[in-house]
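Here the structure is laid out as structure tokens; the discussion comes afterwards.
The values are calculated or read from the model by the stated rules, or taken from the named source; none is laboratory data. What you are looking at is a predicted structure, and each value in this text was computed from that prediction instead of being measured. Using ideal geometry, Cβ is built from the backbone for each residue, glycine included, and neighbour counts are taken over all protein chains shown.
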Amino acid sequence: MSINTYRLEEIINCIEIWLVKGDINDDILDDNFKFISPFWKGNDKAEFLDKFLDPTVYITTSLSKITSFDPVMKFKNTSNNNSFAIILQYHTKNGNSVYETVLGNVLNGKLIELRSIYDLNATKIALEL
């Protein structure tokens, strides 16, 4: 169990890196972390890390088909400093684009929930799944 805690900005930056490069800093995840996504389905921390700690599947399934991310917008909730949103659009090799919003909740310096929201059908078309 890690005793490190992170500022909200650090967690946001770590999630952005994971989204666009596939590298996840697993130390930012709380032991009770939950991941919710239409494609990847809900996951607890162990299931999430099983899918994403080694980025090979994520890179092969998604990132290898993406040509660019534009725009990438990061927002933090300044009223409580415990939640954030990353809104991005990615463009794929087959000429399609998809908007995605990732919402995160932080408690005591650790990420406790990450929720990815996007059009699943548009994603399947764009990523040729």
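Take the range 55-97 and flag every residue that is part of a loop (DSSP other than H, G, I, E, B), closer than 26 Å to E10 by Cα and either touching a residue at least 60 places away in the same chain (Cβ under 8 Å) or touching a helix residue (DSSP H, G or I) at 6+ places or on another chain (Cβ under 6 Å) (or both). Across the range 55-97, the qualifying residues are S62, N81, N82. Mind checking which residues of the range 56-87 are within 30 Å of E128 (Cβ to Cβ) and more than 14 Å from the chain's Cα centre (by Cα)? Correct list: T56, V57, T60, T61, S64, K65, I66, T67, S68, D70, P71. Among the residues making up the range 21-56, a single one is under 16 Å from I117 (Cβ atoms), out of contact with any Ser or Thr (no Cβ under 9 Å at 6 or more places or on another chain) and modelled with pLDDT of 95 or more: K34. Of everything listed in (1) buried (at least 16 other Cβ atoms within 10 Å of the Cβ); (2) of a type outside the set (G, A, S); (3) at pLDDT below 95, the single unmet condition for F84 is (3). Checked against (1) exposed (fewer than 13 other Cβ atoms within 10 Å of the Cβ); (2) out of contact with any His (no Cβ under 9 Å at 6 or more places or on another chain), W40 meets all criteria but (1).
Which condition does E16 not pass, out of (1) touching a Pro at 6+ places or on another chain (Cβ under 7 Å); (2) buried (at least 16 other Cβ atoms within 10 Å of the Cβ), if it passes all the others? Failed condition: (1).
Just one of the listed residues (K51, K45) is surrounded by 15 or more Cβ atoms within 10 Å (Cβ to Cβ) and touching a residue at least 12 places away in the same chain (Cβ under 8 Å), namely K45.
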